[in-house]
1. Do the conditions hold for residue 59, that is, is it surrounded by fewer than 13 Cβ atoms within 10 Å (Cβ to Cβ), over 16 Å from the mean Cα position of the chain (by Cα) and part of a helix (DSSP H, G or I)?
2. Out of region 15-30, which residues are loosely packed, with under 15 Cβ neighbours inside 10 Å and over 11 Å from residue 90 (Cβ atoms)?
3. Based on this model, can you work out whether residue 45 counts as over 17 Å from residue 100 (Cβ atoms) and without any contact (Cβ under 8 Å) to a residue 60 or more places away in the chain?
4. Only one of (1) at pLDDT 90 or above; (2) more than 14 Å from residue 29 (Cα to Cα) fails for residue 99. Which number is that?
């Protein structure tokens, strides 16, 4: 797989993970915790896929600057980091919603 394809894979998978997390949050807000849980599990899958590609890029670089850093690579890293943060924060918000009685 070429570098550009790997970087786009990070962006696409991280973006999908983030979107699913927000879908999970909206489901939890509506009291639909089974959907919220399913969306979070699906989001975790996409997050793992993005992280796997990131790990492959890091391993290929071997900490020696072998891989030329580009703006799109930084963009991909930003997407991955924000999706991971969203996943962690939204999991906590879902737990809060789960602990609260549903108000109409």
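The values are calculated or read from the model by the stated rules, or taken from the named source; none is laboratory data. These numbers come from a predicted model, not from an experiment. Positions of Cβ are backbone-derived with ideal geometry, glycine not excepted, and every protein chain shown enters the neighbour counts.
1. So residue 59 passes the test.
2. If the condition is that a residue be loosely packed, with under 15 Cβ neighbours inside 10 Å and over 11 Å from residue 90 (Cβ atoms), then 30 is the only one that fits.
3. Spelling it out, residue 45 is indeed over 17 Å from residue 100 (Cβ atoms) and without any contact (Cβ under 8 Å) to a residue 60 or more places away in the chain.
4. Every listed condition holds for residue 99 apart from (2).
Each row is one residue, and each column tells you yes or no for (1) under 20 Å from residue 72 (Cα atoms); (2) part of a helix (DSSP H, G or I); (3) in contact with a strand residue (DSSP E or B) (Cβ under 6 Å, 6 or more places away or on another chain).
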position	(1), (2), (3)
10	yes, yes, no
13	yes, yes, no
22	no, yes, no
31	no, no, no
35	no, yes, no
38	no, yes, no
46	yes, yes, no
52	yes, yes, no
55	yes, yes, no
